[in-house]
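The structure under discussion appears below in the form of structure tokens.
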Amino acid sequence: MQWKLAAVGGLLCAVAGGGLFAEHLDVLAAEEVSAEQQHQENLARIMPNTPQEMLRSIHDLLAEKDPARACLLFEDPLRPQFGAAFGEPTCEAAMFKLAAQIKEPNKYVEFNVNWQKDVRLEGDTGAFIDGCAVTFGGGLLDPENGGGDPGPKIGKLHMKRILKRGLVVDGFTPCNTAAGPGGTPTPGAPPPSAAPPTTTGPGPLPTSPRAPAGVLVGYLAKGNDAGACRLFSDSGKAAFAKAQGVADCPAAVAAFRTKITDPDRYGKPIGGDSDATARKGSYGTHDVDACKLNWSNYTVDGEMPPPGPQLGRMVVEHPPGNDGYWITGFSNC
């Protein structure tokens, strides 16, 4: 979340700091402190205020097919741990995996929690909620609970308060119970399916046309060729390799990685994939333009150059028998 608000917080501080600087040169020494204070104020204002709101926000983002944004509710150091708990290299990839397991989005966002047993408030410092103990349905209009959970359970979340107001997730424990019939998979396990898993399919994929762009940026920033190349079909891998002037997809990832000057910033564009555009093509494809991604570029030391090149233009579509999208064509910006 810090990168998400850095540009806004930095800009506000620049305006305020500029006016004060004209009055007194000593303010320059306090600019960095002021920027951090403004950043904390922004976080405290926009983040969920209760543990129930936090968990519901995560469920909502997963159900709305915008899972990468759910990671913004977690502290930066916790995100890799969340990804690893679900067998993925990043938080974003784990959220996409969870979103792919949602069978009934409308029911998934309407969960119940025992606030006396499974929610804990820690005064002005933090809170806890057991996301493994939520139930779905079971009310007057749905006494049978719909025959099973409509999607995965997230885990147990601990949160800390920001300036005694908004919450951010700073601790996570996955649900450890194995799935029963119609239940939720154990973290890291493949989603339930009537057919046995195959070794040739791509596995869980991003679930909206522009989402592969946001996931790919994260993999490229880390130089993760296995994760990045899984997002491409064979024709997509060939097109990506050709665009980078190399022989295959892993070499293309390595070549692209050499152009990234600030991996941490590059992997976290402001708004994720929201600045990518997607329009329907022919025969079920979508044309995605990821040539106008934005990164935080303002600090107390001034404006920084972009952390790497724009991603590119892609053609995405559903693989056979898969509800997600993978990249079947690629060209540079």
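Values quoted throughout were computed directly from the atomic coordinates according to the rules given, and no laboratory measurement underlies them. Treat the numbers as computed from the prediction; the structure is a model and nothing was measured. Positions of Cβ are backbone-derived with ideal geometry, glycine not excepted, and every protein chain shown enters the neighbour counts.
Assign one of three labels to the stretch 51-173, namely rounded, prolate or oblate, based on the Cα gyration tensor with a ≥ b ≥ c the square roots of its eigenvalues; rounded applies when a/c is under 1.5, prolate when it is not and a/b is larger than b/c, and oblate otherwise. Each step should come with its number before you reach the end.
Working: a/c = 2.08, a/b = 1.19, b/c = 1.75.
Oblate is the answer for the stretch 51-173, as a/c is 1.5 or above yet b/c matches or exceeds a/b.
Assuming R0 = 22 Å, what is the FRET efficiency of residue 76 and residue 122, from their Cβ-Cβ distance, to the nearest 0.05?
Details: r = 22 Å, r/R0 = 0.98.
Efficiency at R0 = 22 Å is approximately 0.55.
If we sort 91-104, 70-83 on the protection proxy, mean other Cβ atoms within 10 Å, highest first, what's the order? Don't skip to the answer; put the middle values down first.
On the way: 91-104: 23.6, 70-83: 19.1.
In descending order of packing, they fall as 91-104, 70-83.
Relative contact order for the stretch 51-173: what percent, with Cα pairs under 8 Å and sequence separation of 6 or more? Could you put the intermediate results ahead of the total?
Values: 207 pairs, mean separation 30.0, N = 123.
Taking the mean separation of contacting Cα pairs over the length of the stretch 51-173, I get 24 percent.
Could you tell me the calculated FRET efficiency between residue 165 and residue 60, based on Cβ-Cβ distance and R0 = 25 angstrom, to the nearest 0.05?
Values: r = 20 Å, r/R0 = 0.82.
Rounded to the nearest 0.05, the efficiency is 0.75.
At 7 Å along the Cα-to-beta-carbon direction for both residue 46 and residue 173, put a label point, then send me their distance in nm to one decimal.
3.2 nm
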